[in-house]
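Every number in this text was worked out from the coordinates using simple rules, so none of it is lab data. Quantities reported herein were computed from a predicted structural model and do not represent experimental measurements. With ideal geometry, Cβ positions are generated from the backbone for all residues, glycine too; neighbour counts draw on all protein chains shown.
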Amino acid sequence: MSPLELQLEISRAFSPTAPIDEKSLFSGRIEQLTSLIRAIGQKGQHAVLFGERGVGKTSLANVLASFIGTSNTIIAPRINCDAGDTFDSVWRKVFSEIVIARDVLPVGFIGSTEREALPLDNLVPNQLSPESVRRTLSQFGGGSITVVIIDEFDRLTQEVKRQVADTIKTLSDHAVSATVVMVGVADSVQELIEEHQSVERAIVQIHMPRMAKKEISAIIEQGMGRLNFTVDTEAMDRIVTLSQGLPHYAHLLGLHAAEIMAQNNLTSVTLPVVDKAISNSLDNAQQSIKTAWHTATSSPRKDNLFSEVLMACALAKTDELGYFAAQDVREPLGQILGRQLEIANYAQHLSEFCGAKRGPVLQRIGGSRRYRFRFINPLLQPFVVMQGFSKNKIPH
Ligand SMILES: Nc1ncnc2c1ncn2[C@@H]1O[C@H](COP(=O)(O)OP(=O)(O)OP(=O)(O)O)[C@@H](O)[C@H]1O
Ligand SMILES: [Mg+2]
């Protein structure tokens, strides 16, 4: 490979800012794919795919068609919602993604009919309602499988969400064979289900957790494999630890590591390469993430513990929605400081992280003594861990 070809291959193999759209680059997620495909096969079933930011929801939605489309014809339009969308505009986007072929008579009506390709939105009524959407979805499609993917569902207003829920109800009641998949962050989906209990049975909830260690290492292996680079075990372990289950960070570290490899004509990714990749990733991190880190941790007092406590928060064990309790911070904090602290010694830090003065960087739920915390921006969390490694605060 020439250096320029290699550079191009590197950016194909590792894409920290773009969702995956190619099956060969997609790693893991077998459980979630299986649940989705099961819902698609079942008439009257629809699905929500929910999880934290950056965990890989859009990527899964993108490759779904290629997993079922090998021996079936599949129509799987995916659209992104935004705050200004109405029910009508959402479905118009969906129908404009579906192109149908129909027979038309030639001008003058003489001779045989001709095939014409037409986006479906040209054929639907002016103001779409749940009923007209159902009629449209049940009329076209023939033998093909139809999966409508509504991404960024959380951006819709309550009113539009309610109308989508009504649509699902009517699709389900009429056993229309199209499947609607709503994709969004966790909280909005739970709200939807709670408020529209009549649709609960029609909707399968599929949680996208953070990736398992072996799924993260598969991303690195696949990417580096494409570039003919091998990866040392220790180097792999460090990338996996730092990524915290977020594929975005695996791609970011992979990208920087691969560039260092190319610049130095190396063939095997080693620990020093990963450490250099960490510092390059920190330098290139989004400005908003760097600012959040500084706001949260700066203090005139030299012996303050804000950065250590935030690092320990980033390493704390969380539940499936990303929340941790004060006591989950104790163990990682002990490892960072080399001595054990009691919750009372760092409770004030946690509470400041939830206030405007330090960001806030953490969100707090539950009553006092049962507080649970979560990073408001989940992408800050691996950044904090990388800071810890690069400053030698977190034991290597
Ligand atoms: N299964 C996967 N295999 C390899 N890389 C993945 C996988 N899933 C996600 N990624 C990578 O992780 C990053 C985030 O993925 P994606 O944009 O799909 O997440 P998301 O959950 O839709 O995020 P958001 O909530 O911000 O919309 C991207 O760089 C993508 O390339
Ligand atoms: Mg997305």
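Looking at the calculated P(r) for region 287-390, what percent of the C-alpha pair distances fall above 23 Å? Counting every Cα pair in region 287-390, those more than 23 Å apart make up 17 percent. Computed over region 77-126, relative contact order equals 33 percent, with contacts defined as Cα pairs under 8 Å that lie 6+ residues apart.
Legend: translational diffusion of the chain by Stokes-Einstein, Rh = Kirkwood radius over C-alpha pairs, 37 °C, 0.692 mPa s; D = 139 µm²/s.
Across region 342-359, rounded Karplus estimates of 3J(HN,Hα) from the backbone phi angles (6.51 cos²θ - 1.76 cosθ + 1.60, θ = phi - 60°) give 8, 3, 4, 6, 10, 4, 4, 4, 4, 5, 5, 4, 8, x, 4, 4, 10, x Hz, Gly and Pro being marked x. Take the Cα of ILE30, go 7 Å toward its beta carbon, and the backbone nitrogen atoms of region 199-220 under 12 Å from that spot belong to 215. Taking the alpha-carbon distance from LYS214 and a cut-off under 13 Å, which aspartates and glutamates remain once sequence neighbours fewer than 8 residues away in the same chain are dropped? Excluding near neighbours in sequence, the set is ASP237. Note on GLU116 and LYS302: their simple-model spin labels are 8.1 nm apart, each label 7 Å out from Cα toward Cβ. Helical content of the chain, expressed as a calculated mean residue ellipticity at 222 nm, amounts to -15000 deg cm²/dmol (DSSP H runs of 4 or more residues, -39,500 (n - 2.57) each, divided by residue number, nearest 500). The phi-based Karplus calculation (6.51 cos²θ - 1.76 cosθ + 1.60; θ = phi - 60°) puts the 3J(HN,Hα) values of region 55-72 at 8, x, 5, 5, 4, 4, 4, 5, 8, 3, 4, 6, 7, 10, x, 5, 10, 10 Hz, whole numbers, x for Gly and Pro.
For MET182, MET211, the sequence from fewest to most other C-beta atoms within 10 Å is MET211, MET182. When you restrict to C-alpha pairs under 8 Å that are six or more residues apart and normalise by the size of the chain, the relative contact order lands at 18 percent.
What does the charge count near CYS81 come to, summing +1 for each Lys or Arg and -1 for each Asp or Glu among other residues with Cβ under 10 Å from its Cβ? Net charge in that neighbourhood comes out at -2.
Taking the Cα centre of each part, how many Å lie between region 341-375 and region 66-96? Comparing the Cα centres of region 341-375 and region 66-96, I get a distance of 40 Å. Scaling the Cα radius of gyration of region 48-116 by the globular reference 2.2 N^0.38 Å produces a ratio of 1.65.
Phi angles of region 217-226 translate, via the Karplus equation with coefficients 6.51, -1.76, 1.60 and θ = phi - 60°, into HN-Hα couplings of 5, 5, 4, 5, 4, 4, x, 5, x, 4 Hz per residue; Gly and Pro are given as x.
Applying a threshold of 20 Å to the alpha-carbon distances of LYS213/LYS317; LYS357/LYS391; LYS43/LYS93 flags LYS357/LYS391; LYS43/LYS93 as lying beyond it.
Close amide H partners of VAL231, meaning residues 5 or more places away or on another chain with modelled amide H under 5 Å apart, are VAL269.
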